[in-house]
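K.L.:
Take a look at this one; I'll ask things after.
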């Protein structure tokens, strides 16, 4: 039987349609289309993508960064975040023998390795200071950290709401998502910071925002063995939690513990960010080997409260399955429970 010429396009279309699927031999078929080379799924329309990184530093005084840090910075062009949020420890200070020259050299290395490439991609860079950046006990570290960030404020690309106390605590906004950074480089948060935060969260900009996110280096609750002690977490987590609830905070992003664990307590979500620098750590009571990681938060702007996490191991881009994490982590100062939204 001969095909009419007019039928050939239809036959070719059917052929192309069926050839795009490969049979597995068990009745199932999978779409055989090339994947994004980064391994990261493209974000949905009208979604704010936040890339969370933390604890980039290597050993004390180091002016170099691990290959994982460098690889992730290189991959940002394909990951395509709308904003980057860093949970602190961008340099390797907090050592009394480090001179001003040493500390300035570390910040110069951070600028050339991390901040400049991000600025070239025109991605805003939000951050909070860590104990290795600006420990309250290290006046020299804090002075030079402040100078670096004031000199490079424009390079962050942030739309500041209040920068009066920048870089230690300040606020900014991106696509109607309100961000604050508080000075959690140490365990204690001063009353002045709480007063400022209350004013910020109850002002018109924050109240009209679709989501309110706080970043700080130390978490409220311990989740790793080596940091399961006083001084490595917030000094009064229950008071902080009560404050978060009373003032409409949605999410607290922290670093310092070097382990990924998304938790929820009394309606507040907590993202314990993993490290991409040296020293990933195991969760308390868990035998899973430690893994470096970074997290993508996709915020659907029509339903911002339904934001989801996807967390990946640098370079391999292996996604960390939430089912591999324990349902709870019991630290000396409280229990962190795995949040359930991402399972729905």
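Laboratory data are not the source of any read-out in this text; all were calculated from the coordinates shown. Computed from a predicted model, the values in this text were never measured in an experiment. Every residue, glycine among them, receives a Cβ derived from its backbone with ideal geometry; neighbour counts consider all protein chains shown.
K.L.:
Taking only Cα atoms, what is the 0 to 90° angle, nearest 10, from helix 237-246's long axis to the longest principal axis of the chain?
P.N.:
Result, in degrees: 60.
K.L.:
Anyone know which of 223, 276, 139 comes out most mobile in the 10 Å Cα GNM of the chain?
P.N.:
Fluctuation is largest for 139.
K.L.:
Oh, and also: Using only the Cα atoms of region 105-205, build the gyration tensor, take square roots of its eigenvalues as a ≥ b ≥ c, and label the shape rounded, prolate or oblate: rounded if a/c is under 1.5, else prolate if a/b is larger than b/c, else oblate.
P.N.:
It comes out oblate by the Cα gyration axes.
K.L.:
On to the next question. If I model a spin label at residue 139 and residue 318 as a point 7 Å from the Cα along the Cα→Cβ vector, what separation in nanometres do I get?
P.N.:
It is 4.8 nm.
K.L.:
Contact order normalised by length for region 35-343, with contacts defined as Cα pairs under 8 Å and 6 or more residues apart; what percent is it?
P.N.:
Reported relative contact order: 19 percent.
K.L.:
For residue 264 and residue 301 in one chain, what is 0.36 nm times their gap in residues minus the Cα-Cα distance, to one decimal in nm?
P.N.:
Using 0.36 nm per residue and subtracting the Cα-Cα distance, I get 11.2 nm.
K.L.:
On to the next question. Note the listed values [x] 68, 32, 24; [y] 43, 23, 17; [z] 39, 23, 21, then indicate which one is semi-axes √(5λ) of the Cα gyration tensor in Å calculated from this particular structure.
P.N.:
[z]
K.L.:
Going 7 Å from the Cα of residue 245 toward and past its Cβ, which residues in region 258-296 have a backbone nitrogen under 16 Å from where you end up?
P.N.:
264-270
K.L.:
Name the shape class, rounded, prolate or oblate, that the alpha-carbon gyration tensor gives for region 265-344, where a ≥ b ≥ c are the square roots of its eigenvalues, rounded holds for a/c under 1.5, and otherwise prolate holds if a/b is larger than b/c and oblate otherwise.
P.N.:
oblate
K.L.:
Classify region 125-170 as rounded, prolate or oblate, taking a ≥ b ≥ c as the square roots of the eigenvalues of its Cα gyration tensor: rounded when a/c is under 1.5, otherwise prolate if a/b is larger than b/c and oblate if not.
P.N.:
Here region 125-170 falls in the prolate category.
K.L.:
Using r as the Cβ-Cβ distance of residue 335 and residue 203, and R0 as 25 Å, what FRET efficiency do you calculate, to the nearest 0.05?
P.N.:
With R0 = 25 Å, the Cβ-Cβ based efficiency is 0.15.
K.L.:
In region 144-167, which residues have a backbone nitrogen under 19 Å from the label point lying 7 Å from residue 122's Cα in the Cα-to-Cβ direction?
P.N.:
154-160
K.L.:
So what's the angle, to the nearest 10 degrees on a 0 to 90 scale, between helix 191-201 and the longest Cα principal axis of the chain?
P.N.:
The angle comes out near 40 degrees.
K.L.:
A further question on this structure: To the nearest 10 degrees, how steeply does helix 100-110 sit against the main Cα axis of the chain, on a 0 to 90 scale?
P.N.:
10 degrees
K.L.:
Considering only DSSP beta bridges where both residues belong to the chain, give the percentage that are antiparallel (nearest 5).
P.N.:
Roughly 65 percent of the beta bridges in the chain run antiparallel, per DSSP.
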